[in-house]
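The values are calculated or read from the model by the stated rules, or taken from the named source; none is laboratory data. Since this is a predicted model, take the numbers as computed values, not measurements. Here Cβ is always computed from backbone atoms with ideal geometry, including for glycine, and neighbour counts include all displayed protein chains. Just so you know, the surface numbers come from the protein's heavy atoms only, side chains and all, with ligands and any DNA or RNA stripped out. Shrake-Rupley method; radii C 1.70, N 1.55, O 1.52, S 1.80 Å.
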Amino acid sequence: MRYFTDSALLLLYSILAFFYVALDQTLVFSLLFAVILVCITYTSQNRYFLTGCYLTFAVCAFAVSDLVLFFPLLLYLILHTGFLLPAVALIPVSIFLFLHSNQFPAVFFAAGMFGFLLAFFLWSYTRKYNELDQNFRKIQDDSEEHALLLSEKNKALLEKQNYEIYAATLRERNRIAREIHDNVGHVLSRSILMTGALKTINKEDSVAPLLGNLEDSLNSAMNSIRSSVHDLHDDAVNLEDAIRGLVKDFSFCPVTLTYDMSRQIPGEVKYSLISITKEGLSNVMRHSNASSVTLLLREHPGLYQFCMEDNGTGNSENFSTINRTETASNGMGLSNIRDRVKTLGGTVQITSGQGFRIFITIPKQSF
């Protein structure tokens with residue numbers, strides 16, 4: 001944008017000479033030639049072509065003296081293109097043409113020299129402006145990049161912090177469940193046994209109802225504590241850690257795990273998926289010669305998805321994929337998987353072809 005501003009300013013400066021010379025076709029031609037040269041310099045990136053245009057303009061000035069009036073603009077264009085030596089050579093050429101031309105008054109010489117200074121000043125100022133603008137844009141881009149990196153790191157730190165809090169909460173729930181089970185549960189169990197012993201050796205009819213009520217209260221308290229302990233333990237199970245632990249301990253072949261589930265998963269779904277994963281990996285180890293297993297656990301808005309697939313065909317040359325499917329389907333393992341998924345209201349698809357595949361969906365509406 002500053003290029004056109006500077007060029008327009010130099011054109012206006014040169015046009016001021018029109019008030020002191022006779023306006024004819026040659027002068028109009030010179031103006032149009034200068035405007036065309038400005039447009040060519042802006043659009044073309046070919047330095048050889050631009051050099052030819054500038055040389056043509058300067059050579060034509062020997063025949064058309066009116067072109068000398070636009071030499072300040074020519075100097076600016078040459079400097080803008082990066083031709084410093086031709087720009088310096090243009091000055092003595094213009095001096096020669098001014099001095100040997102009888103068409104222009106003597107004041108035009110001083111005006112031409114001032115025009116050269118103006119062209120050099122505009123070029124220098126624009127170059128510094130462009131350098132500052134480029135540096136500013138680079139700093140701005142670097143700042144935005146650093147801001148994005150910091151945002152991503154902060155997000156990762158927050159996620160890690162949330163996970164640590166979640167893991168610490170689960171550990172604390174496990175600890176509380178163990179404390180209740182080991183301490184309060186044992187005390188209540190001992191109290192129930194002692195109450196039962198008292199009922200057995202008691203001979204007084206007036207005390208028997210009291211002992212019965214005490215035993216019922218202790219049993220009710222024991223059931224309540226047992227239920228609370230189970231609920232705490234179910235909530236304290238970290239499904240992702242459990243699945244990753246099973247995958248880590250599975251040494252038969254590499255397992256590629258994709259886990260994409262939230263932390264708010266019902267306890268029965270957690271235990272079912274853990275058991276299904278155990279059974280599936282056991283099936284791979286016992287009934288295939290697979291070299292890789294892919295395991296996918298993903299949560300969708302309306303369902304939970306489980307998919308385990310291997311590339312095996314059987315554990316011997318005579319054990320075909322069909323035989324493997326029949327053997328696995330008739331076994332207790334896959335029957336247990338079907339029963340678990342059916343209890344949760346889900347569906348199971350077991351297929352074989354290029355490997356063995358267990359695909360399970362469990363709807364969320366069941367919970």
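When restricted to residues that are open to solvent by 80 Å² or more (accessible area, probe 1.4 Å), β-branched (Val, Ile, Thr) and closer than 25 Å to residue 16 by Cβ, the range 33-58 contains 1. Scanning the range 241-261 for residues that are open to solvent by 50 Å² or more (accessible area, probe 1.4 Å) and either at pLDDT below 85 or not hydroxyl-bearing (Ser, Thr, Tyr) (or both) yields 241, 244, 248, 249, 252, 254, 260. Please name all residue pairs, on different chains or six or more residues apart, with Cβ atoms under 7 Å, provided the first residue is in the range 241-266 and is touching a residue at least 60 places away in the same chain (Cβ under 8 Å) and the second residue is surrounded by fewer than 14 Cβ atoms within 10 Å (Cβ to Cβ). If the second residue must be surrounded by fewer than 14 Cβ atoms within 10 Å (Cβ to Cβ), the pairs left are 263/166; 266/367. Across the range 134-176, the qualifying residues are those that are loosely packed, with under 12 Cβ neighbours inside 10 Å and among the acidic types (Asp, Glu), and the one among them that is nearest to residue 38 (Cα to Cα) is 141. Taken across the range 64-84, residues that are open to solvent by 80 Å² or more (accessible area, probe 1.4 Å), over 25 Å from residue 133 (Cβ atoms) and in a helix (DSSP H, G or I) do not occur at all. Scanning the range 1-23 for residues that are over 56 Å from the mean Cα position of the chain (by Cα), free of Cβ contacts under 8 Å to residues at least 24 places away in the same chain and in a loop (DSSP other than H, G, I, E, B) yields 22, 23.
Could you please let me know if residue 26 is more than 18 Å from residue 115 (Cα to Cα), free of Cβ contacts under 8 Å to residues at least 12 places away in the same chain, hydroxyl-bearing (Ser, Thr, Tyr) and assigned to a helix (DSSP H, G or I)? So residue 26 fails the test. A count restricted to the range 197-211 and to residues that are surrounded by 13 or more Cβ atoms within 10 Å (Cβ to Cβ) and small (Gly, Ala, Ser) stands at 1.
Restricting attention to the range 114-133, the residues that are in contact (Cβ under 8 Å) with a residue 60 or more places away in the chain, open to solvent by 80 Å² or more (accessible area, probe 1.4 Å) and of a type in the set (A, V, I, L, M, F, W, C) total 0.
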